[in-house]
Each structure stands twice: as C-alpha cells, then as structure tokens.
Amino acid sequence: MLNFLLAFIPRAVVQGIPLLYGCTGEIITEKSGNLNLGIPGVMYVGAISGVIGAFFYERSFADTAAMNPALAILIPLLCCLLGSLLMGLLYSFLTVTLRANQNVVGLAMTTFGVGFGNFFGGSLIKLVDSDVPSIALTATSAFFSKKLPFAGSLGAIGDLFLSYGFMAYLSVAIALIASYVLNHTRTGLHLRAVGEDPYTADAVGISVSRYKYAATCIGCMIAGLGGLYYVMDYATGVWSNNAFGDRGWLAIALVIFTVWRPKLSIFASFLFGGLYILYLYIPTGMDHMELQELYKMIPYVVTLLVLVVTSIRSKKEDQPPASLGKAYFREER
Amino acid sequence: MKAENAAVSIRGVSKAFGSVRANHKVDLDIYRGEILALLGENGSGKTTLMNMLSGIYFPDEGQIFINGVERVIRSPRDAHALGIGMVHQHFKLVDVLSAAENISLGLHERLNIREATERINEICEKYGFDVDPRQKVYDMSVSQKQTVEIVKVLYRGADILILDEPTAVLTPQETEKLFDVLRRMKKDGKAIVIITHKMHEVEEISDRVAVLRAGEYIGSVDTRDMDVEQMTSMMVGHSVSLNIKREDPVGVRPRIEVKGLTVRNDEGVLKLRDVSFTANTGEILGVAGISGCGQKELLEAIAGLQPVESGEVNYIRDDGSREPLLGKDPLSISEMGVSMSFVPEDRLGMGLVANMDIADNMMLRTCRKGKGPFTDRKPSKKLAKEVVKKLDIVTPGITTPVRRLSGGNVQKVLVGREIASDPKVLLTAYAVRGLDINSSYTIYNLINEQKERGVAVIFVGEDLDVLLELSDRIMVLCGGRVSGILDARTADKNHIGRLMTTAGGREGHE
C-alpha cells in the first residue's frame, strides 16, 4: 500500500500542478467579479505560445547542448505570459470596457483558444515534417523538468517533495502569495470589495475597471503558466493537438471546490489530480472499459457535492463573489 | 457670484440622463455648523445633485466651489480629498466584510485592522455611536449598517456630510439617536445636508431648507419661518392641503379573520407566533412594527405566498359564510379579490418586472383574462395611461422600462395597478416608502377611497404619525407577536413605540 501511495502521490501532484495554476488564476479573476470561462482557452494559448517560443529558440541551434539554460527557460516563459496576457486583455476589454456578457465572451474565448492552439500546433508540426502528429522540444523540456540534484538520494521524502521541476514549486508559491495578498493586504481587500459590490467600491474611490483589468490579466497569465507546465514538464516537451484535454474546465470546477481560497486549492488540486488519473489505477478489465469513463467523472461529481454542501450551509463566506458575472456601469440606474 | 464662507457653493450645475433633465442650472450653498434639509418631490434631482458633489456623477455644466475655491470633482476619491462624505440611501457596504474592513475600504494607507479599530472606537466615543468593528455587515440590523456608513464617512475626515434619506428605515427611537448624533456633529462645525421626505423630521432637525423642483433650484428658507404646508407648496409649485381625510368607517363587517397564525421562514426562524386579528370591511387596519418583525410574512401568508405552520386564515363573505384561505394557491386567492401590493426593500423585487415597461407590468395582473393564446395589449395600455395620469408618474412614456423610473415613480406604478384591480381586500406594505410627501398623500387618498368603497385594507407602515392619522385601528407587531391592537384615534405615539420594542422586539432580527 505504501509503495502504491509513493508511486501514486507524485503522479497525482504533477497532474494537479496545471490545475493549480488554472485554479489560482481563476480565483484571482473571479474575486474581481469576472467569471472567466475562457480559462481552458487561455491555458491552451499559454501552452502554444510557450511552445512557439521554445520551438524557434531550439531550432536556432544545430546542437541543442549549446543552448543557454536561462534563455531556454525565459523565452518560453515570456512567450507564454505574453500570449495569456493578450487573452486576458481581450476578455477584459470585451467584458469591462464594452460590458459584453461574461459567459458568452468566456465560452467564445475557450473555443478560440483551443482552435488557436491546434492551428499553430498543427503549423509547427508541418514545419518539422514529422512522421508523428506532434513536436518534441526535448532539450527545452530538460531545463524545465530539472530536479534538485540531491532529490534522488533522499528516498521517499525526496520522491514525495523534491522530485518536481521548478514550475511545480512556483505554482505553490503563487497560490500562497495569492492567498496572502487576497486576505492580508489592502490590494486584496479592495479586490474583494470590487468583486462583491462594485458600486460600493466605486463610491469609496476604488477604480473598479483597473482592478478588474489587473485581476483578469494576472489571473490569465497565471493560468497560462499551467498550460506551459503541462507541455514542458508533464508532457516532456511534446505538443500534440488536444492533448491538454479538459483540464481547464477541471480548474474552474476546482475554484468552486475550494470555495475561492487559493490556499485550499493547493491540496485540492493535488486531490483532483489524483482523482483525474484514478481510473488508471482501478482495474476494470477489458470487458468493462465503460467503467473507466465513470471514474473520470469523479472530480466533477465531487464538485457537485461541494456545491450542494455549500449551498445548504449557506455560509456567506463560502459563497461566490456577489457580483460575479455582472458587468459594472457606474451610472446604471 | 459665490457666497462668502460657504463650505460648498454650487453654481449653475446641470446634469441630464439621456433626454431626462435631472438638474438644470442649480445654485446651492451649504454652510458649516448648519443642518440643511434638501427637499423636493421624487425625481426632482436631489440625489443626482448630491451624487455630483460626492463624485458619483459628473456635472454636464456648472461650477462647484469648496471653501471658496473652485474644484472639479471627478470621482469619489476627489470628493473624499475635499472632505465630502455621503451616506447613500442604499447602503454602500460589502456584506461579507467586517465593519472595520468596510470603513477602511478605499484608503491608501497600509492595511492595519488593529489601528483602524482603535480609530473607529475613538470616533464612536466622540459622537456616541455603537459599532463593533469586527462584526460582519450581513449580521447587522439596518440601523447598525447606517451607523457604520456614518462612521465610514467620518473616518475619512469628512466635514461636509450628505445623508440621503437616512431615516427611511429607522424606528422612531433610532431616528432620535441619529438626530442626537447629527446635532453633535453640527456643534462640531460640520456642514450637514439631509434629504428626507418626512416633514416633521425636517422641522425637528434642520436649520434651513432648500427646495428643488423638477431639477431646478427654487430657493432656500430658514426652517423656523416655514410650516409644512408652505414647504410642500414650494416643492410642488402650487398650494396643497396636507390632510388625510379620515372618515369614520361605515358598514363594518369582518372580512379576514386570522387565528393563531404561526409562520416559520426558510431558515426555520419563527417569524409569526400565534397572531390573531380581524380585518374589517370599510376600515384600515394599520400594522406597526420594526421592519422584519413578521409584517412581510403576515401579508404573504394571507396572500397565499407563504407556507404556514399552524393557524387559520378565513375569508368571510358578505353573507357571513367563511372560506379558509390557507391551502389555496395565490392565483385563486387573488381571484377572490384579495390583492396585495407589497413594496419590498429593494422595490423591484416583488410585484414589478424591472425590464418590462409600464403597460406590460400592468398586464401581469390581467394577462390570464384574454381569450386564446394571444395577449390583448389594449386594456393594459389604457390602464397604464390612466395610472400615469392619475398618479402623476414622471416617465418619458408608458413604454419605458420600469427600472429607469425613479424609486417613487416605480412605487406609484405598483400601487396604481393593485388598486385598479378592484380588490375586496387590499394588503399594502410600505406603500409610500421613498415617496415624497405629495405623492404619499396621493397614495393615502387612494387608499382612503378604497376604504370608503368598502375594501378591507391592511396597511403596513413605517411612519407612526401617518399610521395614527390614516388607520382606524393599529396592530403592533413585535418579534412576530401581536403586542397590542389599539384604536388609532386615541392611541399615543410613544405608547406604540414602546409596544414595538418590548416583548422580545429584537428576536425578529435573529
């Protein structure tokens, strides 16, 4: 059993990291009152942007050993952030400045993001003229998934806690920072006020649009990193179209599961990561492949249960931000 | 051009919303150490004008001088910097935050709740407020929320205070407490503007009144030189008489009989305990009580909207036969002639659909009458026109969505529709909430007309003076219990005030 857990937990964790990025990003966004259903698309765009950056950097070397480690990490990272930022700006411009319906914009952006990823992914695959429908950026991935040198020599502890690439730790750090900022700083207080009641926030001189733009863009950039982590570390640098799957939706479900608390989302995302791959560990036999599909539902079922429980308890602190999904217009009457 | 030593001088300020002129070339001076009452009918632009001072709206033209210097107020933040603070009619507080967090919202200094708590306590001590800085807003009563709002304004060092209908939701005792605080602030040299529709409060608290009519500034007078009728005439533009004509009830027969009614709300809190009374035809039964003491549940139980735990509600026909109302659905109850006009705190919550126009809202009552699957819009259009004309509703037309009307006009639409349905029983709650004095009297007269027609009226009110003048009998509710049923002609206001708060009066707020 212990051995099983030792093998299972690190796999659950690496599954959970992209979710954690997406979830933290979406929590920050939703705290500003913007329900960004475009997160799955943003994560796709983040991933493909990073891949494009890495692709051209890696291709400019005949011998990948000559690559500069710092640049090999920075270029995809910055490309990813830029791509996600543009998505965030697009969403904010449409919903905050033009006050378009958030759900419609979000869903459109998800469709757009997935298509964008697949289009440029497909283009890159054409460029390399590969036999398989994927591109491998093995050299770049090596930099991303580099483990601490002494991780292997620490036995179980090392496997459980130290066997991940730097972006895994970054995701936890970002979640902790987000939690601190939201709950203990003035910026966080103002952001929560904007998401709860923008009219009140505005009346005390908080710039609602600025907070909404900033939170949405930062949230998108964080979510985009989840896509990057998925390709560069989890998938060892291999991009193939649609491989990212429905992880973006799972991240949004996580936001509800964690009742909008980034600190909770660290553990919750690992739990969801575990639930997401649980079906691989439950023997179903060849006769009952359909059961696997049922097991894949578990994360969503758990989210539904959380929704039921929180709405029965109806504790004010566990409810979504009060103005979530609504556009703000000062002179509305 | 501008007045000497005025804290605020407004000169030639105009503001329009689309084609609606909210303010037109308004001049107004506000002085320190003075309480100014800003009067005007609903939709006369009082709130709009004050919103321009507090930076919510930006004037289309005109100048604003603060302490003799011309200033541009672009945002609420600018207003704070100039020492202007406004307590809005609808509280601007974030429910899930604590009092201290709400009070320090929007400031730039480093977040330090402990320090903020200390400063809040200092302010509370100075002016005699009672605020627990750690209490969450959603746990507070209306009057506590208002206190937090006032402290919030003072915390920012405001010395020009604007209060928009601060007493609309307070009990007489709470109002008295608020006025004590305002007097203390006045003595402290602050400039205070208060918007209210309750004229006896204007007489009690203000030093000067300024009047707006249809967005234009009419003039200002010292309060002691004016009586209520003169002020009202100034607001309306022609002389009005402010008498509620209370005829003695004729043909009094029991119509609605309530026995031992007990109601629990969704959260399982007892809202009504063993309530028994009779409402008679040709009589107005006033219901007094602190808001949230079961008034809403009582009316809804009669109208069939609220499940009842135990008790009976009977409708007594002209021939004396009884028919139980409990267990009937709202539709069949309203077909029996029990009509309810309930004006909830958020006005549009029950009764009207905000995005539909006046005519369509009229049709909500009658849409089942037409033949076939198609609606007949003609009668509702006609009715809408009649109601607009009869109640002087300010609207660009009957096709304007109801949410664009000012609060008072929304209410007129609702009350007008309910009365038009020719009821046998009229249930009304807060029918004049937020209405100016002239429209209030229009509504009182309409209700009186209904009474004379032999309708049994149950009138849930807030203003005790009005309840005493309008009702024939007054039932006082306190924490869901009936703490007394009095004859309105002989009842004493203070006695009612005491009945409202004794016998576990706070339980209603659990």
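The combined condition, being under 24 Å from the mean Cα position of the chain (by Cα) and more than 10 Å from chain A (Cβ to nearest Cβ), is fulfilled by B:Ile162. If you go through region A:183-227 and keep only what is in contact (Cβ under 8 Å) with a residue 12 or more places away in the chain, in a helix (DSSP H, G or I) and in contact with a His (Cβ under 9 Å, 6 or more places away or on another chain), you end up with A:Tyr199, A:Tyr211. Within region B:37-74, can you find the residues that are crowded, with 19+ Cβ neighbours inside 10 Å and more than 14 Å from B:Val26 (Cα to Cα)? B:Ala37, B:Glu41, B:Asn42, B:Gly43, B:Ser54, B:Gly55, B:Ile56, B:Tyr57, B:Ile66, B:Ile73, listed by residue number.
Each row is one residue, and each column tells you yes or no for (1) surrounded by 14 or more Cβ atoms within 10 Å (Cβ to Cβ); (2) free of Cβ contacts under 8 Å to residues at least 24 places away in the same chain; (3) not aromatic (Phe, Trp, Tyr).
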residue	(1), (2), (3)
B:Leu212	yes, no, yes
B:Arg224	no, yes, yes
B:Glu229	yes, yes, yes
B:Ile244	yes, no, yes
B:Pro254	yes, no, yes
B:Leu272	yes, no, yes
B:Val275	yes, no, yes
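The single condition from (1) within 14 Å of chain A (Cβ to nearest Cβ); (2) at pLDDT 90 or above that B:Tyr31 fails is (1). With respect to the conditions (1) basic (Lys, Arg); (2) assigned to a helix (DSSP H, G or I); (3) modelled with pLDDT under 85, A:Lys147 lacks only one, and its number is (2). Against the list (1) surrounded by fewer than 22 Cβ atoms within 10 Å (Cβ to Cβ); (2) out of contact with any strand residue (DSSP E or B) (no Cβ under 6 Å at 6 or more places or on another chain), the condition B:Pro324 fails is (2).
Assessment of region A:246-264 against the conditions (of a type in the set (Val, Ile, Thr), within 14 Å of chain B (Cβ to nearest Cβ), free of Cβ contacts under 8 Å to residues at least 12 places away in the same chain and more than 30 Å from A:Pro69 (Cα to Cα)) yields no matching residue. Filtered by the rule that a residue be assigned to a helix (DSSP H, G or I) and either touching a residue at least 60 places away in the same chain (Cβ under 8 Å) or outside the structural domain of B:Leu82 (by TED's automatic domain parsing) (or both), region B:128-182 gives B:Val142, B:Glu149, B:Ile150, B:Lys152, B:Val153, B:Leu154, B:Pro172, B:Gln173, B:Leu182.
Answer yes or no as to whether B:Ser54 is hydroxyl-bearing (Ser, Thr, Tyr), assigned by TED's automatic domain parsing to the domain that holds B:Val87 and more than 29 Å from B:Arg184 (Cα to Cα). So B:Ser54 does not fit the description; no. Determine if region B:78-91 includes at least one residue that is over 26 Å from B:Val131 (Cα atoms) and in the same structural domain as B:Asp159 (by TED's automatic domain parsing). Checking region B:78-91: at least one residue is over 26 Å from B:Val131 (Cα atoms) and in the same structural domain as B:Asp159 (by TED's automatic domain parsing). Among the residues of this structure, B:Asp227 counts as one that is within 24 Å of the chain's Cα centre (by Cα) and acidic (Asp, Glu). Scanning region B:97-156 for residues that are hydroxyl-bearing (Ser, Thr, Tyr) and within 11 Å of chain A (Cβ to nearest Cβ) yields B:Ser98, B:Ser104, B:Tyr138, B:Tyr155. Taking region B:3-102 and the strands (runs of 3 or more DSSP E) fully enclosed by it, the elements with 2 or more residues that are within 30 Å of A:Gln319 (Cβ to Cβ) are at B:84-87.
The values are calculated or read from the model by the stated rules, or taken from the named source; none is laboratory data. Because the structure is predicted, anything quoted here is derived from the model rather than measured. A quick note on method: Cβ atoms are made from the backbone with ideal geometry, for glycine too, and the neighbour counts reach across all protein chains shown.
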